[in-house]
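All of the numbers you see were taken from the coordinates with simple rules; none came from a lab. Quick caveat: nothing in here was measured; it's all calculated off a predicted structure. Every residue, glycine as well, gets a Cβ built from its backbone with ideal geometry; the counts of neighbours run over all protein chains shown.
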Amino acid sequence: MKIPHDDVEYYIPTDVGQQVHINHTNCSAGTDTKGRLYIKRLPDCIVAYCHNCGGYYFKRSKMYPRNYDALQELLAGKEAAEAMQQTVNLPSDVSTNPADWPAAARAWLWKYYVTDDEIAQYGLCYSPSWGRLIIPVFNDVGKCVFWQGRAIESGGPKYISVKGAKKPLFYGGDSHKQKSATCCIIVEDALSAIAMSRQNDIVGIAALGTDFPVGEFDVNRWKNLIVWFDPDLPGRAKQQELVQRLTPLIDKRKTSFYAARNTLKEPKQYSPDNINKVFAHSNFTRI
Ligand SMILES: [Zn+2]
């Protein structure tokens with residue numbers, strides 16, 4: 001059975017050899033939530049195969065003959081591919097140089113004390129066609145697995161997310177810090193995670209929203225674990241819900257667990273100088 005072009009087109013990778021795994025929307029075998037539609041760009045064609053419905057797709061360059069070998073190769077690589085994390089492309093027109101961005105994009109980052117070094121460290125960039133600041137998430141080997149676009153010169157929602165990719169967690173700090181720090185603060189957004197990770201021994205982790213994948217997170221890896229969502233009403237409700245879901249998983253001999261008090265602002269709103277005062281005073285409730 002052939003997969004319609006429309007199901008595939010948006011996700012076709014840009015580089016030869018690159019492969020993406022996306023949820024097959026309109027999959028005839030039912031809802032796909034495991035990224036079972038594999039799309040690969042080969043030197044002479046695009047091939048895709050859905051491990052949910054068994055549908056396939058080809059797009060050949062006119063210069064090349066049919067390449068059924070390519071499909072066979074894709075099928076043979078099924079298991080290895082399943083273990084591999086899906087990658088996504090950033091918008092093709094992104095600029096990583098803040099000097100080229102609209103002033104409003106730079107101003108939005110400066111408002112939250114984000115430095116040029118941090119812009120480079122986290123790969124923050126701007127897409128003129130989207131009119132959005134792009135916040136990428138990279139995997140262990142530096143491949144982009146997700147991005148969010150924050151509205152700057154565009155209408156629509158404050159944040160959008162790349163289509164077809166599973167939402168990961170956004171980790172602040174570098175890989176050394178992520179391994180060595182003993183305190184973890186779970187926050188809503190990437191800039192808050194960056195803000196928390198400026199502090200010694202702290203890694204901020206952003207849920208990129210308020211839904212946190214409790215089952216995939218090692219709570220007892222941390223000596224101190226803090227949940228600090230935004231102080232708006234939905235944020236408070238979601239913080240309380242997350243605390244209730246995490247509490248039974250905490251081994252109290254290993255991990256002390258805290259929740260931010262309602263009097264706190266959003267994590268990213270504190271300057272690197274002021275944040276110390278927040279930690280020095282009892283702004284967190286021990287659970
Ligand atoms: Zn399918």
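Structure summary
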read-out: Contour excess over end-to-end distance, with Cα ends at His5 and Val214 and 0.36 nm allotted per residue; value: 71.6 nm
read-out: Separation of alpha-carbon centers, the stretch 144-163 and the stretch 231-248, rounded to whole Å; value: 24
read-out: Fraction of beta bridges assigned by DSSP in the stretch 164-287 that are antiparallel (%, nearest 5); value: 30
read-out: Cα-derived Rg to Rh of the stretch 100-175, Kirkwood definition; value: 0.95
read-out: Cβ-placed point charges (K, R +1; D, E -1), dipole of the stretch 122-222 about Cα centre in debye, nearest 20; value: 220
read-out: Around Lys167: net Lys/Arg minus Asp/Glu count, Cβ-Cβ under 13 Å; value: -2
read-out: Order of Val16, Val243 - criterion: other Cβ atoms within 10 Å of each residue's Cβ, fewest first; value: Val16, Val243
read-out: Extension gain (nm, one decimal) between Arg60 and Asn89, 0.36 nm per residue minus Cα-Cα; value: 8.3 nm
read-out: Dipole-positive endmost among Val8, Ala99, Val114 within the chain (Cβ charges, Cα centre); value: Val114
read-out: Exposed trypsin sites (Lys or Arg not before Pro) absent - longest run of the chain, DSSP non-H/G/I/E/B, at most 11 other C-beta within 10 Å; value: 67-157
read-out: For the stretch 170-286, size of Cβ-based charge dipole, Lys and Arg +1, Asp and Glu -1, in debye; value: 500
read-out: Stokes-Einstein D for the chain, Kirkwood Rh over Cα pairs, 25 °C, 0.890 mPa s (µm²/s); value: 118
read-out: Ellipsoid semi-axes in whole angstrom, largest first, where each is sqrt(5λ) of the Cα gyration tensor of the stretch 180-276; value: 19, 17, 11
read-out: Neighbourhood charge, 11 Å Cβ-Cβ cut-off, centred on Phe146 and excluding it, Lys, Arg +1 and Asp, Glu -1; value: +4
read-out: Filter on Lys111/Lys163; Lys238/Lys268; Lys179/Lys277 - keep pairs with C-alpha separation over 22 Å; value: Lys111/Lys163; Lys179/Lys277
read-out: Net dipole in debye of the chain [+1 Lys, Arg Cβ; -1 Asp, Glu Cβ; about Cα centre; nearest 20]; value: 620
read-out: Charge context of Pro234, other residues only, Cβ under 14 angstrom, K/R +1, D/E -1; value: -4
